[in-house]
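Comments concern the structure below.
The values are calculated or read from the model by the stated rules, or taken from the named source; none is laboratory data. Quick caveat: nothing in here was measured; it's all calculated off a predicted structure. Cβ sites come from the backbone with ideal geometry, for glycine too, and all protein chains shown count toward neighbours.
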Amino acid sequence: MRTMLMFLLIAVIISLAGSDQRKYVGVNDCKLCHKGKKDGYQFEIWQKSKHAGAFKTLRSKQSEDIAKKMGLKKSAAESPECIECHAINDDKLKEDGVQCESCHGAGSAYKSRKVMKNRESCAAAGMAEFKDEEAKKKSCESCHNKKSPTYKTFDFRSSWKEIEHPIP
């Protein structure tokens, strides 16, 4: 009996320890449900955006020059300082650039159809929820800001129109 209780206690501890280990799943998982007319062409909007190619820009000569000028020890495509705004810092997902989870958070806990059917369930499972325009703007400006060595004037309203995906 004592051994059984100890086994159950260990199982519960392991389960709880791993319960908040959200993982990035990648845009290929997201696009399974977020593409086409019914879903407001979310994947297609992203795919045509500059966000989709954001990581690739880090391989350019200009990015390498900027990394050197900043005194970074690694190339732009390998430097966390650059990657944090150009991609998910995961070797398997970097090529996706700035993808769904860059803004909405790691999707492993909210990606199932059962969870995605309800906004409250999504938020409870860790999907970033943007209550209003100011919250969206703040999220965008975490990368599109004057600290960026390539900063260009950022007009949230016009930029948002390029990436906006209100459905569902």
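What the table below lists for this structure:
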| quantity | calculated |
| --- | --- |
| When residues of the range 8-55 are limited to those that are over 16 Å from Cys100 (Cα atoms) and among the polar types (S, T, N, Q), the one modelled with the lowest pLDDT | Ser15 |
| The lone exception for Cys33 - which of (1) loosely packed, with under 12 Cβ neighbours inside 10 Å; (2) of a type outside the set (Ser, Thr, Tyr); (3) touching a residue at least 40 places away in the same chain (Cβ under 8 Å) it fails | (1) |
| Hey, Ala106 modelled with pLDDT of 95 or more and touching a helix residue (DSSP H, G or I) at 6+ places or on another chain (Cβ under 8 Å) or not | no |
| Close pairs from the range 73-92: first of a type in the set (Val, Ile, Thr), partner part of a loop (DSSP other than H, G, I, E, B) and modelled with pLDDT of 95 or more, Cβ under 6 Å, at least 6 apart | Ile88/Tyr24 |
| Subset of the range 120-168 (residues that are among the small types (Gly, Ala, Ser) and over 19 Å from Cys33 (Cβ atoms)) | Ala135, Ser139, Ser142, Ser148, Ser158, Ser159 |
| Any chance Ile66 is in contact with a Lys or Arg (Cβ under 8 Å, 6 or more places away or on another chain) and under 23 Å from Glu141 (Cα atoms) | no |
| Single residue of Ala109, Ala87, Ala76 found to be more than 20 Å from Ile167 (Cα to Cα) and either touching a Cys at 6+ places or on another chain (Cβ under 8 Å) or among the acidic types (Asp, Glu) (or both) | Ala76 |
| Condition broken by Met127, with the remaining ones in (1) part of a helix (DSSP H, G or I); (2) without any contact (Cβ under 8 Å) to a residue 60 or more places away in the chain; (3) surrounded by 13 or more Cβ atoms within 10 Å (Cβ to Cβ) satisfied | (1) |
| Some residue of the range 152-168 being hydrophobic (A, V, I, L, M, F, W, C), modelled with pLDDT under 90 and in a loop (DSSP other than H, G, I, E, B) | yes |
